[in-house]
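Visitor: The structure under discussion is supplied below as structure tokens; questions concerning it will follow.
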Amino acid sequence: MDRVILYKKMHAMLGELGIAYSKEFLLEGYGVASTKELSDADLSDLVEKLSDMKRQKSVNEILRKLRSENLCILQRMGIYTNNESWHRVNAFLLDPKIAGKLLYKMTTNELIQLKTKLHAIESKKKDQVKAELRLAQLN
């Protein structure tokens, strides 16, 4: 790939990752003080490492979003009320019928499955409440 394109790509990724300030520290790892001093192989390697960091950042953002969505459902269910209620959240999630794992140890797929399961539990509880209300009105 053309060096100019790699330079542009590298600087764009540094900005996207919010680490443009640490460029000099990244370059130190290659024994140079300037990007112009990087060999073609080193420049390609640096761009690849930044690409990996960018992919990892995206995965972390997805995980954080899914954890947050699950916590919102747990909050509506009354299981998570504040930072003092983590013991209830952990006990609930560790139940093998629910997840069998702590929230922070779940993969993306597990978090998606948990969200589906929590929606089903939440929906079932709403249906039970509605049925109880109808029964109370009949009596």
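Values quoted throughout were computed directly from the atomic coordinates according to the rules given, and no laboratory measurement underlies them. From a predicted model like this one, the values you see are computed outputs, not experimental measurements. Note: ideal-geometry Cβ built from the backbone for every residue, glycine included; neighbour counts use all protein chains shown.
Visitor: At 0.36 nm per residue, minus the direct Cα-Cα distance, what do K126 and S22 gain on full extension? Give it in nm, one decimal, please. Can you show the working numbers first?
Guide: On the way: separation 104, 0.36 × 104 = 37.44 nm, distance 5.17 nm.
The span from K126 to S22 would gain 32.3 nm if fully extended.
Visitor: Just tell me, in residue order, which DSSP H segments of the chain are both 24 angstrom or longer along the helix axis (alpha-carbon based) and at least 1.0 in mean Kyte-Doolittle hydropathy.
Guide: Counting only whole DSSP H runs, no helix qualifies.
Visitor: Excluding C72 itself, what net charge comes from residues whose Cβ is under 14 Å from its Cβ, given Lys and Arg +1 and Asp and Glu -1?
Guide: On the way: positive: R64, K65, R67, R76, K115; negative: E69, E122.
So the environment of C72 carries a net charge of +3.
Visitor: Another question about this same structure. Could I have the simple spin-label model distance between R88 and R3, label points 7 Å from Cα toward Cβ, reported in nm to one decimal?
Guide: My value for the distance between the label points is 6.3 nm.
Visitor: Once phi is turned into ³J(HN,Hα) by the Karplus curve 6.51 cos²θ - 1.76 cosθ + 1.60 with θ = phi - 60°, what whole-Hz value does each residue of region 29-34 show in order, with x for glycine and proline?
Guide: x, 9, x, 10, 9, 9
Visitor: Using the Cα centre of the chain as origin and beta-carbon charges of +1 (Lys, Arg) and -1 (Asp, Glu), tell me which of Y80, I5, Q137 is placed farthest towards the positive end of the dipole.
Guide: About the Cα centre, the residue reaching furthest to the positive side is Q137.
Visitor: Helix-only estimate, please: 222 nm mean residue ellipticity of the chain, summing -39500 (n - 2.57) across DSSP H runs of length 4 or more and dividing by its residues, to the nearest 500.
Guide: Mean residue ellipticity at 222 nm (helix-derived): -24000 deg cm²/dmol.
Visitor: Under Stokes-Einstein, with the Kirkwood radius over Cα pairs standing in for Rh, what whole-number D in µm²/s applies to the chain at 25 °C and 0.890 mPa s?
Guide: 130
Visitor: Moving on to the next point. Pop the C-beta distance of R64 and R134 into the FRET formula with R0 = 35 Å and round what comes out to the nearest 0.05. All intermediate terms of the calculation are to be shown ahead of the outcome.
Guide: On the way: r = 40 Å, r/R0 = 1.15.
Efficiency, rounded to the nearest 0.05: 0.30.
Visitor: Report, in listed order, any pair from K101/K124; K9/K117; K23/K105; K54/K105 with a Cα-Cα distance greater than 30 Å.
Guide: Long pairs (Cα-Cα over 30 Å): K9/K117; K23/K105.
Visitor: Extending each Cα 7 Å along its Cβ direction at T108 and R76, get the distance between those two points in nm, one decimal.
Guide: 2.4
Visitor: Then there is this: Run the quick spin-label model on R55 and D95: label points 7 Å from Cα toward the beta carbon, then report their separation in nm to one decimal.
Guide: About 3.8 nm, to one decimal.
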